[in-house]
Structures are given as C-alpha cells and as structure tokens.
Amino acid sequence: MIRTSVPTSVRTGAALAGVAGMIVLAGCSGAADAQSPASDTSSSSSSSSSSSSSSSSSGSYKDGTYTADGSYQTPETVESISVTLTIADGVVKDVEVTGDPQARETEEYQAKFIGGISDQVVGKSLDDLNVSRVAGSSLTSGGFNEAVTSIKEQAAS
C-alpha cells in the first residue's frame with residue numbers, strides 16, 4: 001500500500017520553517033522596499049530631502065563646475081558613473097550624470113537615476129548631499145555619493 005499523507009510532525013516542521021524564513025526575509029527588507037512603486041518616488045524624495053534639507057554650508061567651497069567619477073557594485077558587475085556639479089556659494093546649481101552601463105539592467109536603473117537626480121540635489125548645500133535612492137535606483141546612489149565626496153575635495157578652498 002502506498003502512503004499518500006505526510007505525517008503531522010513533518011507538516012508542522014515544514015510550516016514552522018516557512019514562517020521562520022518569512023520572518024528572516026522580512027527583516028532584510030527596508031521600509032522603502034516595502035512600499036508600492038507608485039509611492040516609491042515620493043518616499044525617496046522625502047527621505048533624501050530630509051537628509052539634505054539644510055541650505056547652510058558648513059564647508060567653504062570655490063564656485064565652479066567640478067567633475068568626478070564614482071563606482072558601485074551590482075550583482076553582476078562593478079559599474080561607474082560620471083558626475084558634474086556646478087556649485088555657487090556652497091549650493092548645487094546644476095547636476096549632470098552620465099553612465100557607461102556594463103549590464104542591460106544597469107542601463108535601466110542608471111537612466112531612472114539620471115532622470116530623477118536633479119530634483120534631489122539642485123538647490124541643496126553641497127555638505128548636505130547624501131542620496132540613498134532616486135527613482136527606485138538605490139545602487140547608483142553609492143557611485144554618486146562617492147563622486148560627490150571627490151568633488152567636495154576638489155572644491156574645498
């Protein structure tokens with residue numbers, strides 16, 4: 001005779017393992033990741049804006065246009081972007097970001113980042129720039145922040 005039912009102890013153990021796995025994975029998720037895509041853009045602007053809401057500059061920077069490269073790790077490759085900031089009185093007046101994506105998925109995320117970064121940084125103090133997620137792109141911001149650090153060093157007077 002073929003047994004078609006699974007013993008209760010095995011079913012209970014499997015259910016407990018599943019629940020434990022869901023709890024572990026839920027702990028890995030950030031608050032921004034748990035939001036719907038429609039509200040993600042607005043939440044990213046508020047989270048980035050809160051970290052860069054001050055308009056006073058604590059550093060002294062020479063006015064001008066500065067360019068630096070930043071790199072970041074994706075699951076597939078190491079990617080890089082080039083950031084150009086125009087600074088006047090310690091405040092970002094213009095931003096231009098260009099990328100050279102190595103992976104097809106990276107091209108999509110860099111394009112989203114490039115499309116949304118101006119709203120996040122123009123008008124903000126250079127000292128307060130620290131973006132974490134722009135238009136759903138969170139990894140690209142690592143390269144952007146690295147480039148901003150280099151630009152701060154270039155512009156320091």
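The values are calculated or read from the model by the stated rules, or taken from the named source; none is laboratory data. Model, not experiment: these values are computed from the prediction. Methodologically, a virtual Cβ is constructed for each residue, glycine included, from the backbone with ideal geometry; neighbour enumeration extends over all protein chains shown. When the accessible area is computed, the model is the full protein with side chains, heavy atoms only, and any ligands, DNA or RNA have been set aside. Shrake-Rupley method; radii C 1.70, N 1.55, O 1.52, S 1.80 Å.
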For this session: Determine, for each peptide in 109-116, 76-83, 62-69, 128-135, the mean count of other beta carbons within 10 angstrom over its residues, then list the peptides with the highest first.
Result: 128-135, 109-116, 76-83, 62-69
Problem set entry | Phi-based couplings in Hz for region 107-119 (Karplus 6.51, -1.76, 1.60; Gly and Pro marked x) | 4, 5, 5, 5, 5, 5, 4, 4, x, x, 5, 4, 5
Problem set entry | Residue-wise HN-Hα coupling along region 133-143, computed from phi with Karplus coefficients 6.51, -1.76, 1.60 (Hz; x: Gly, Pro) | 7, 10, 6, x, 9, 9, 6, 4, 4, x, x
Exercise. What are the residues whose amide H is under 5 Å from the amide H of V91, where those residues sit 5 or more places off or on another chain and H is modelled from the backbone?
Worked result: L126
Problem set entry | Accessible heavy-atom area order of T86, T74, T12, highest first, probe of 1.4 Å | T12, T86, T74
For this session: Using every pair of alpha-carbon atoms in region 91-148, split the distances into 5 Å bins beginning at 0 and state the percent of pairs per bin, rounded to integers.
Result: 4, 20, 33, 26, 12, 5, 2
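Got a sec? What order do L126, L139, L16 fall in by accessible area at 1.4 Å, biggest, i.e. largest, first?
Numbers: L126 0, L139 85, L16 115 Å².
Largest to smallest exposure gives the sequence L16, L139, L126.
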Exercise. Share of region 51-155's accessible area from carbon and sulfur, percent, 1.4 Å?
Worked result: 43
Exercise. From the square roots a ≥ b ≥ c of the eigenvalues of the alpha-carbon gyration tensor of region 115-157, which class results: rounded (a/c under 1.5), prolate (a/b over b/c), or oblate?
Worked result: oblate
Seminar exercise, completed: The whole-number value in µm²/s of the Stokes-Einstein translational diffusion coefficient for region 64-125, with Rh from the Kirkwood sum over alpha carbon pairs at 20 °C and 1.002 mPa s, is 173
